[in-house]
């Protein structure tokens, strides 16, 4: 592994990156081993057919991937989409990441780098496929030109172009250089998904082998010549500052090189090795100015949110009919209050980045869900213009939203590196720093009031959400008229993103915003997680109150929502809803829509006399429209239950004295193998649209289990997580 | 100066006695396949073998390791990355982000060494490593596959 200085003077024109240029290959190196970069330089004939497709003389196809890979399989899925249209040999496909700086320099030819909101594939399928198709057309045209025959007489399959009537053929690697010189086609037609042979298939991921032998390099593993390591402590109370620290007390500890302020709220120790830096930092006397939030507690926050449940002022998210009137005149009124805690993303790899700063240039190497946002953070923290900065993406040891919208750790490492010019600095957060300086799954409560008519039909529903707004915390400029649209995820009247699956004659869903000082963030599943618990558990309560089967009660409200209904039915059918279960085992069901996809789940649980929960089986149905890689979708659905059930069973960050109490996995437990149920995934790929798969299923994990717990015990758990609930039968 | 046998090679590292073995392996010896996840022996990302026993290296000071002990890291699990479990991990496409998988594999290898035919319940109780992406069921399937194949016994 060597530190190759990445290319700096990128010419924005496509031609300048063309074939043959060793620089083109080197330009995509992020400083350590990149597949084929060295070979390409040696061969000297690599051809960039277009921004998405690079072809080597040996027919190796390098597909450029703009989105980040954090385990979700997007890298493989996007490569499948390009390869499908390229008609190349899948066995010869490899991938590489263009850098954010190159994207800017080339007029954002690779589009958006942001990898969140389950958008990796669903937002870029069109242009990446067109990239593959255009490259194929240029390769065919190049071959036809060489043969001096009409393009229409030539075809391409598995990386070989054939002129049928003369029996001639050329491999992509033989014509790539010529193809690269052609003008890109203006009209590019895409295949009908029914004709797919690479996309839509459960192909093996491209990135597995190195994850089994220790060779995979994560940000935390980076090594550079002359590199120093940094550990950091930010003020434990959000919004607090450093008052003073006694650097002299640790200056002579082993390996310590620098003790540095980082902004006005943090201190870093820079040492030869990270363990030395951390040890010295732990010994460093720091006096904090804890600021105005030093007395805030979970109890205080909960009381403030509770007040919002009945506050006169609230912003309407979805409304039809007269919900309050319907409730006032209802035969029966049902009411319940739910609450959801702060939760940490708890990625397995803690936040980290490496930076090298000189007055002329600032470079950052980091696991990020949005390389362009990391670049922007580097520019802002360094004070250098974007063109003098670069960010190199490294595959993530988990993202889940923590490494997307906010790049606080990148800002920190640049602020440190700026004080040690010319020296690469690797900053690693301790788990304790990571747990207590997250961007938390926001805290909300919800009061639901339902009106049942005399026949037990739902005549009206008021859903009042009180609590934190992620958008207000991260993108306050996007709050319009006090409204955070994300708060209403899954509850919208209509739309392809996250609409409610029920038609309720009188409906009011509103939000009383209450923003505690604990910083919120986009957390895998976002507000859909809380909203699905609130609505789907309350639907169960209403069905029970009406004396109806929870599935039938829902179906009666879903006639105008065929896609929602179809996945609900698919889950129910697979789980054999209504059929007897073994003694003591009970089912719960739920459905929702988010991130463009429709999802539903059935959980089978039992609860022992001692109140111990066992989840026996999960059945989950997903309609994501087009299924690009069913094997990876299945893994995302299964993984979503680990993430969602971790949250439901264990996830809780409590606040005391203005700071987060839970500092590690001993106090912030997560689901482990002994609690993991078997998951059966039903992929309902109805086609015609592109939905996400990384997040939506998380939202149905908790309500399916909570509803099953009620069926098993008669107990409604309305306050998460379950670890705080007594599940012994009443 | 501490002296270790790591993956069959004797190495000397100059670190204070209370330095966790994990950080000596990662920073002094330079083997980064073993991961830092929690530092308190909770998550298992740092699992290595010490005389064949799965050990969480983040919480073991180097002073507790003698030169006679045989430390094996993920890099030394097999000479060519083709340990039966590594092959099963690839066949079942176990990893998602992959960060926890070095530890998972080392824990699984030690489990099969001591219990070549574990039941599902054995696996669930012995494999306490944390994976946040959610690969548990694939981990379990891969271990059962290897246990059922008898590949470990032949090794």
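The values are calculated or read from the model by the stated rules, or taken from the named source; none is laboratory data. These numbers were taken from a predicted model, which means no experiment stands behind them. Here the Cβ positions follow ideal geometry from the backbone for every residue, glycine too, while neighbour counts run over all protein chains shown.
Remarks
- Failed criterion for residue B:110 (all others in (1) under 18 Å from residue B:45 (Cβ atoms); (2) in contact with a helix residue (DSSP H, G or I) (Cβ under 8 Å, 6 or more places away or on another chain); (3) more than 8 Å from every other protein chain (Cβ to nearest Cβ) hold): (2)
- Every residue from the range A:206-249 that is part of a strand (DSSP E or B) and either more than 11 Å from every other protein chain (Cβ to nearest Cβ) or surrounded by fewer than 19 Cβ atoms within 10 Å (Cβ to Cβ) (or both): A:228, A:230, A:231, A:232, A:233, A:234, A:241, A:242, A:243, A:244, A:245
- The residues in the range B:68-119 that are part of a helix (DSSP H, G or I) and either more than 11 Å from the chain's Cα centre (by Cα) or closer than 30 Å to residue A:75 by Cβ (or both) can be counted, and the count is 23.
- Scanning the range B:56-69 for residues that are surrounded by 15 or more Cβ atoms within 10 Å (Cβ to Cβ) and in contact (Cβ under 8 Å) with a residue 60 or more places away in the chain yields B:62, B:65, B:69.
- Each residue in the range A:652-673 was checked for being under 28 Å from residue A:292 (Cβ atoms) and touching a residue at least 40 places away in the same chain (Cβ under 8 Å), and 13 of them qualify.
- Across the range A:514-544, the number of residues qualifying as more than 20 Å from residue A:309 (Cβ to Cβ) and without any contact (Cβ under 8 Å) to a residue 60 or more places away in the chain comes to 1.
- Filtering A:638, A:695 for residues that are within 27 Å of residue B:121 (Cα to Cα), at pLDDT 95 or above and buried (at least 22 other Cβ atoms within 10 Å of the Cβ) leaves a single hit, A:638.
- Residue identified as in contact with a strand residue (DSSP E or B) (Cβ under 7 Å, 6 or more places away or on another chain), buried (at least 24 other Cβ atoms within 10 Å of the Cβ), within 23 Å of residue A:216 (Cα to Cα) and away from chain B (no Cβ under 14 Å) among A:397, A:371: A:371
- Residue selected from the range B:21-55 under the condition more than 12 Å from chain A (Cβ to nearest Cβ) and free of Cβ contacts under 8 Å to residues at least 40 places away in the same chain, by the criterion nearest to residue A:271 (Cα to Cα): B:55
- Count of residues meeting criterion [within 14 Å of chain B (Cβ to nearest Cβ), in a loop (DSSP other than H, G, I, E, B) and crowded, with 16+ Cβ neighbours inside 10 Å] in the range A:251-282: 3
- Residue within the range A:659-675 that is out of contact with any helix residue (DSSP H, G or I) (no Cβ under 9 Å at 6 or more places or on another chain) and farther than 20 Å from residue A:534 by Cβ present: yes
- Looking across A:355, A:381, A:391, one residue alone is more than 14 Å from every other protein chain (Cβ to nearest Cβ), part of a strand (DSSP E or B) and under 20 Å from residue A:264 (Cα atoms). It is A:355.
- Residue that is over 22 Å from residue B:8 (Cβ atoms), more than 13 Å from chain A (Cβ to nearest Cβ) and not in a loop (DSSP other than H, G, I, E, B), where the choices are B:145, B:122: B:145
- Matching strands (runs of 3 or more DSSP E) fully within the range A:8-105 where at least 1 residues are crowded, with 24+ Cβ neighbours inside 10 Å and either at pLDDT 95 or above or more than 29 Å from the chain's Cα centre (by Cα) (or both): A:47-50, A:53-55, A:61-64
- When A:712, A:685, A:708, A:699 are checked against the criterion of being under 13 Å from residue A:622 (Cα atoms), part of a helix (DSSP H, G or I) and in the same structural domain as residue A:538 (by TED's automatic domain parsing), a single residue qualifies: A:699.
- Qualifying positions in the range B:1-20 - within 18 Å of residue A:255 (Cβ to Cβ) and either more than 13 Å from every other protein chain (Cβ to nearest Cβ) or in contact with a strand residue (DSSP E or B) (Cβ under 7 Å, 6 or more places away or on another chain) (or both): B:1, B:2, B:12, B:13, B:15, B:17, B:18, B:19, B:20
- Number of positions in the range A:652-672 that are part of a loop (DSSP other than H, G, I, E, B), more than 11 Å from every other protein chain (Cβ to nearest Cβ) and touching a strand residue (DSSP E or B) at 6+ places or on another chain (Cβ under 8 Å): 4
- Checklist (1) within 18 Å of the chain's Cα centre (by Cα); (2) within 30 Å of residue A:292 (Cα to Cα) applied to residue A:632, failing item: (2)
- One residue alone among A:720, A:706, A:727 is within 30 Å of residue A:303 (Cα to Cα), surrounded by fewer than 21 Cβ atoms within 10 Å (Cβ to Cβ) and in contact with a strand residue (DSSP E or B) (Cβ under 8 Å, 6 or more places away or on another chain), and that residue is A:727.
- Flag set for residue A:285, criterion: surrounded by fewer than 19 Cβ atoms within 10 Å (Cβ to Cβ), more than 15 Å from residue A:228 (Cα to Cα) and in contact (Cβ under 8 Å) with a residue 12 or more places away in the chain.
- Listing of strands (runs of 3 or more DSSP E) fully contained in the range A:416-516 that carry 2 or more residues being more than 26 Å from residue A:339 (Cβ to Cβ): A:425-428
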